[in-house]
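Below is one structure, written out as structure tokens, with a few remarks after it.
The values are calculated or read from the model by the stated rules, or taken from the named source; none is laboratory data. Predicted model, so just to flag it, every value in this text is computed and none were measured. As a convention, Cβ positions derive from the backbone with ideal geometry for all residues, glycine included, and neighbour counts pool all protein chains shown.
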Amino acid sequence: MRALILFVGILALALQSCSQPPEELSIGAAPVMMKPLDELATEFKGCKVSISYAASGQIAQQVRQGAPFDLLILADKDNIEALAQEGFVLDGSVKVYARTKLVVWAPEEKERPKSFEDLAQTLGKIAVANPDVSPYGKAAVQALQNSGLWEKVKDRLVYAENVSQALQYAKAGDALVAIVPLPLVIDINGYYFPVPTEHYTRPEQALAILKGAQHEKCARDFVAYFLGPKGKMALGKYGFEVVED
């Protein structure tokens with residue numbers, strides 16, 4: 001009889017665990033991270049991963065408005081540090097993980113600028129991400145200003161919500177070129193050339209676990225995976241420079 005009761009108890013616990021939905025890690029991430037993150041999230045075995053992409057400044061604002069993210073993987077350190085100062089970030093979880101470069105991308109080479117300085121002579125529109133919310137949009141504007149091109153091109157700029165949309169403007173022909181981070185275009189057709197790095201400060205991309213995260217353990221496991229060998233390989237594959245401890 002005692003054995004039967006024990007068996008029934010074990011069966012009930014098993015059924016209860018089967019009926020519970022699997023853990024789902026919620027990540028807020030910058031669009032520049034879409035390719036490596038989508039790849040890594042598919043391969044991650046710790047739990048199910050759900051990723052929402054938006055410009056880093058927009059993600060930070062969503063956190064302030066109560067968005068239930070567990071983990072942020074953004075395109076800059078400034079937004080992460082601002083959230084930390086406001087009490088949203090778990091102590092000790094901030095990590096700068098990568099940097100990359102800006103490029104000018106066009107869908108084809110014919111009648112397109114061949115260098116950054118050539119943007120002053122082109123007649124077409126130039127797509128950039130909104131510098132108020134996008135770290136790489138801010139860097140693009142900084143590069144145009146510091147290079148002396150700003151006055152010649154400012155009236156031809158088209159501002160997008162984020163770097164992915166800026167790229168889409170150029171793909172669709174709504175802009176002649178787009179100034180975007182390298183990882184967005186490293187593996188697609190078209191051509192690109194670098195924005196001289198002396199004209200802008202490259203964003204330090206950072207991540208952090210949010211205070212009160214519903215799935216903190218899963219977030220920590222994913223961070224360890226992301227910063228480990230497979231994560232570093234994915235980042236390098238898409239044109240990021242990994243920042244080591």
When only residues in the stretch 185-212 that are among the aromatic types (Phe, Trp, Tyr) and crowded, with 19+ Cβ neighbours inside 10 Å count, which is farthest from residue 243 (Cα to Cα)? 192
Just give me the residues in the stretch 223-245 being under 14 Å from residue 209 (Cβ atoms) and out of contact with any helix residue (DSSP H, G or I) (no Cβ under 8 Å at 6 or more places or on another chain), in sequence order. 223, 224, 227
For the stretch 92-145, name all the residues that are more than 16 Å from residue 170 (Cα to Cα), among the aliphatic types (A, V, I, L, M) and in contact (Cβ under 8 Å) with a residue 60 or more places away in the chain. 94, 96, 98, 133, 139
Which condition number does residue 143 fail, the rest of (1) in a loop (DSSP other than H, G, I, E, B); (2) closer than 20 Å to residue 196 by Cβ being met? (1)
With the structure loaded, tell me whether residue 178 is at pLDDT 95 or above, aliphatic (A, V, I, L, M) and touching a His at 6+ places or on another chain (Cβ under 7 Å) or whether it fails that test. no
Say whether the condition of being crowded, with 18+ Cβ neighbours inside 10 Å and in contact with a Phe, Trp or Tyr (Cβ under 6 Å, 6 or more places away or on another chain) is met by at least one residue in the stretch 108-119. no
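Given the residues 76, 38, 70, 91, which is the only one that is over 19 Å from the mean Cα position of the chain (by Cα), at pLDDT 95 or above, among the charged types (D, E, K, R) and outside the structural domain of residue 132 (by TED's automatic domain parsing)?
On the way: 76 fails: over 19 Å from the mean Cα position of the chain (by Cα); 38 fails: over 19 Å from the mean Cα position of the chain (by Cα); 70 fails: over 19 Å from the mean Cα position of the chain (by Cα).
Unique residue meeting the criteria: 91.
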Could you tell me which residue of the stretch 128-166 is surrounded by the most Cβ atoms within 10 Å (Cβ to Cβ), considering only residues that are in contact with a strand residue (DSSP E or B) (Cβ under 9 Å, 6 or more places away or on another chain) and of a type in the set (Val, Ile, Thr)? 163
Of all residues in the stretch 34-91, which are surrounded by 21 or more Cβ atoms within 10 Å (Cβ to Cβ), out of contact with any Gly (no Cβ under 8 Å at 6 or more places or on another chain), among the aliphatic types (A, V, I, L, M) and in a helix (DSSP H, G or I)? 37, 60, 80, 83
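From the list 224, 219, 208, 213, which residue is assigned by TED's automatic domain parsing to the domain that holds residue 47, part of a strand (DSSP E or B) and farther than 23 Å from residue 103 by Cβ?
Numbers: 224 fails: part of a strand (DSSP E or B); 219 fails: part of a strand (DSSP E or B); 213 fails: part of a strand (DSSP E or B).
None of the others qualify; the one that does is 208.
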Which of the residues belonging to the stretch 146-180 are over 23 Å from the mean Cα position of the chain (by Cα), touching a residue at least 24 places away in the same chain (Cβ under 8 Å) and part of a helix (DSSP H, G or I)? 146, 152, 153, 156
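Count, please, the residues in the stretch 92-107 that happen to be assigned to a strand (DSSP E or B) and buried (at least 18 other Cβ atoms within 10 Å of the Cβ). Don't jump to the end; show me each part of the working.
Restricting attention to the stretch 92-107, the residues satisfying the condition of being assigned to a strand (DSSP E or B) are 95-99, 102-106.
So of that shortlist, the ones also buried (at least 18 other Cβ atoms within 10 Å of the Cβ) come out as 95, 97-98, 102-106.
The total comes to 8.
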